[in-house]
1. Kindly indicate whether any position in the stretch 105-116 is open to solvent by less than 50 Å² (accessible area, probe 1.4 Å) and touching a helix residue (DSSP H, G or I) at 6+ places or on another chain (Cβ under 6 Å).
2. Can you list the helices (runs of 4 or more DSSP H) found entirely within the stretch 33-75 that contain at least 3 residues being farther than 24 Å from Lys20 by Cα and either among the charged types (D, E, K, R) or touching a residue at least 40 places away in the same chain (Cβ under 8 Å) (or both)?
3. Output the number of residues of the stretch 2-32 satisfying the condition of being more than 20 Å from Lys120 (Cβ to Cβ) and either modelled with pLDDT of 90 or more or not in a loop (DSSP other than H, G, I, E, B) (or both).
4. Can you tell me which residue in the stretch 35-85 is surrounded by the most Cβ atoms within 10 Å (Cβ to Cβ), limited to those that are within 16 Å of the chain's Cα centre (by Cα) and of a type in the set (Phe, Trp, Tyr)?
5. Would you say Pro29 is open to solvent by 80 Å² or more (accessible area, probe 1.4 Å) and of a type outside the set (A, V, I, L, M)?
6. Please count how many residues of the stretch 12-38 are of a type in the set (A, V, I, L, M) and touching a His at 6+ places or on another chain (Cβ under 9 Å).
7. Just to verify a result, which residue in the stretch 105-125, among those that are in contact (Cβ under 8 Å) with a residue 12 or more places away in the chain and not in a helix (DSSP H, G or I), is nearest to the chain's Cα centre (by Cα)?
8. Could you pull out the residue among Glu92, Glu85, Glu78 that is charged (D, E, K, R), at pLDDT below 90 and outside any loop (DSSP other than H, G, I, E, B)?
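The values are calculated or read from the model by the stated rules, or taken from the named source; none is laboratory data. Just so you know, these numbers come straight off a predicted model, no measurement behind them. No Cβ is skipped: glycine too gets one built from the backbone with ideal geometry, and neighbour counts run over all protein chains shown. Note: areas computed on protein heavy atoms with side chains; ligands, DNA, RNA excluded. Shrake-Rupley method; radii C 1.70, N 1.55, O 1.52, S 1.80 Å.
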Amino acid sequence: FTSYTNHVSQFLGSWDNHVKSWLDQKNIPVLLIRYEDLLSDPLIHFSKISKFLNLSENKEIISKAISNTSFSNLKNKELQGGFIERPKNCKEFFRKGISGEGIRLMKRSQINKLKKKFYKSLLYFDYL
C-alpha cells in the first residue's frame, strides 16, 4: 500500500452528525446498510449493494465478493501489507469484526451518556 500525502481537510463531527450528513443530503443516491445487516445476512445485503451500484446480480459473483471481503481476509491482508486507512495511533484497523464488541467494553456511565446524546439516531437505526 502507498500513503496519500494530499488530503482534503474535512469536518470530523460526531457519529450521528456524520451519518445524518449523508442521509439528509439530496445530491447523490444513498443506500443505508448497517454492519450488523452485513453480518446477519451477507448475501441479501451485498445483493442490495450490487443492485444499487448497477453491478452484477449474479449470486455466484456476489458470494465470491463476500468471501473476498470477509473480515478474516481483510485482517490477513492488513497483517501482510498494512492498511492505508489505519490511523497512525491505531495498532490494527481490523480488530475483531464482531457486532456489539464496543458496548461490552464500555462502562455503564459511558453507555448511558451515549444513549442520552444519540437517542434518536440509535432508535432510528434500531440500536435500542
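1. No, because not a single residue in the stretch 105-116 is open to solvent by less than 50 Å² (accessible area, probe 1.4 Å) and touching a helix residue (DSSP H, G or I) at 6+ places or on another chain (Cβ under 6 Å).
2. Of the helices (runs of 4 or more DSSP H) lying wholly inside the stretch 33-75, those with at least 3 residues that are farther than 24 Å from Lys20 by Cα and either among the charged types (D, E, K, R) or touching a residue at least 40 places away in the same chain (Cβ under 8 Å) (or both) span 59-68.
3. 5
4. Here the residue is Phe46.
5. Taking the combined requirement at face value, the residue satisfies it.
6. Number satisfying all stated conditions: 3.
7. Checked the stretch 105-125; the qualifying residue nearest to the chain's Cα centre (by Cα) is Phe125.
8. Glu78
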